[in-house]
Amino acid sequence: MRARRTPAASRRRLGGWSRPLGAGCRAGLVVVALAAVPAAYGQDAAAWLQRAAGAARGLNYVGTIVYEHGGRVETSRLVHLLESGSEFEKLTNLDGPAREVIRNNDLVRCYYPDAKIIRIEPRSFRNAFPSLLPQQLNALAAHYFFRKGELARIAGLETQAFVFEPKDGLRYGHKFWADIASGLLLKARLLNEKNEPIEQFAFIDIQIGAKLDREQVKPPFSSLPTDWQVRESPPGEVQPQETGWVVKDLPAGFAKVVEGFRRLRGKSAPVAHLVFSDGLVAVSVFVEPVPPTPQPVGLSQQGGINVYSRQLDDYLVTVLGEAPGATVRQIAYSVAHR
Amino acid sequence: MGKLQGAPGDDGAAGAMVKAEEISLLVDGELDVERIEGVCTRLRDADSVTTWVCYHVIGDALRGSSAIMPGFAARFATRLAAEPTVLSPPRRGPAPAAIAWAAAATVAAVSVVAWVAMTTLPIGDASLPAALATARQAASVRAADTRPAVDNEYLLVHQEYSPTTAIQGARPYLRAVAATDPNARP
């Protein structure tokens, strides 16, 4: 993890954004932009995204991924198998302390052999990318320039690059390279406002449509050694309901995807969880009750994810997402009781 | 960066003294890795400690912490000087030295700014609002923003809803796993 401090310049910009006048201007611009968007834009962008999502889920593939972030490079092996409608995935890091993530549909198990810990995480990935709704297409079109980029060869395969360039400073840029034959993303890059890469995933070798079997996605051992600790997260998705919390100054283009309470491991009380998306990325807002003692607050960063925490009376507000620090900070400071 | 006017140690003294800016960078976790050890070593100087603590607690003091502990900075410096140097090279995981230091200083030193204010400002004097304004300005770069470790539980839950998770398969899970120290969790 790399901690980061918001520069003074961002703070000044933030101040500007949070003025009501600024918000009004933005809203006006959005309306104008929406009216002017050719329908083909959103559909073209969405077609690429949908194809990538479908390929990631529906294909069998095995390859080596290089993950670069904050000056670090990590290499992992990924195996993905779809068998009889069931999804299996195994991710093993190849350097540093051994870590293994094994996913079977919505159940994720993380193995930490050095610490002899297994974490079991019930996860629901179906929520992540439902068919894009018309308003999400509009949001994409209103807040990103979409264009096709170059043809490039990656991991030995021909890819088509496509780019989402943000129209404002509230979001990062995205560049994807999709395998032309299958649509699978072979490389993805997150770019900051200076067009510098913040985070990148790339396959350096991959076999798509490989003949795979369950053997290649099985856990490191069939029964857990007795000296391992099991840490299990409470199951359950967000039960949609009003939480009593609201984001008063939501950055343009973000719309609420879900709101509710959920139980999290290590938290005694249910945590309010609100998710906002601009069609391409999501920002989560968590609000949990805390004792009235000072909590760790401020901005931190992990790869392409920025996190901002602040204390609001007896609550800790944490906002995180694939968005610039100033954006998560703006959201954090506009969280209020409904 | 806002200028921390009147902060002890910010008088431009050169040489072995730690510059206030270096302390600010350290507090913010922005100091170059190569410089951390040197700055921490030189932090054993009492004035530097006061500056360090000042950066940390000025925001807290403004928010109403009022416990006064005269001589805290001096005691802190003495204790610090007696501590062995335990800074290890940067490691993976959520507890870089800067966070640990910041947390320790914040927890330990809530009232030094109040103390500094009490000993340097005639309370009730007309200059107090100006001093507070300066302090407020300093607080905007304040280190009360001690860097929190990214809450992995949140990160994992967030992935479920992130469109990038879906278009990139489980790859974003790398983020969650790459930096996770399972022992550092509650």
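What follows is calculated from the coordinates using simple rules that are stated; it is not laboratory data. Owing to the predicted nature of the structure, the values given are computational and were not obtained by experimental measurement. Don't worry about glycine lacking a Cβ; one is built from the backbone with ideal geometry, like all the others, and counts go over all protein chains shown.
Report note on the peptides A:86-97, A:221-232, A:50-61, A:304-315: ranked by the mean count of other C-beta atoms within 10 Å, highest first, their order is A:304-315, A:50-61, A:86-97, A:221-232. The mean count of C-beta atoms from other chains within 10 Å of the C-beta of residues in A:150-157, rounded to a whole number, is 0.
With the highest mean first, a sort of the peptides A:275-282, A:143-150 on other beta-carbon atoms found within 10 angstrom per residue produces A:275-282, A:143-150. Partner shielding of A:100-108 amounts to 2, given as the average count of beta-carbon atoms from other chains within 10 Å of each residue beta-carbon. Excluding same-chain neighbours fewer than eight residues apart, the lysines reachable from A:Lys90 by a Cα-Cα span under 22 Å are A:Lys116, A:Lys187, A:Lys211, A:Lys218.
Mean partner shielding of peptide A:316-324, defined as the number of other chain Cβ atoms within 10 Å of each residue Cβ, is 3. Between the amide H of A:Gln302 and those of A:Val307, distances stay under 5 Å, these residues lying 5 or more places away or on another chain, with hydrogens modeled in the peptide plane.
Segment A:37-231 has equivalent-ellipsoid semi-axes of 32, 19, 17 Å, by the square roots of 5 times the alpha carbon gyration tensor eigenvalues, sorted largest first. Calculation over all alpha carbon pairs of segment A:57-121 in 5 angstrom steps from 0 returns a P(r) of 4, 17, 22, 23, 19, 11, 4, 0, 0 percent. Once both labels are positioned 7 Å from their Cα atoms along Cα-to-Cβ, the gap between A:Leu312 and B:Asp32 label points is 4.0 nm.
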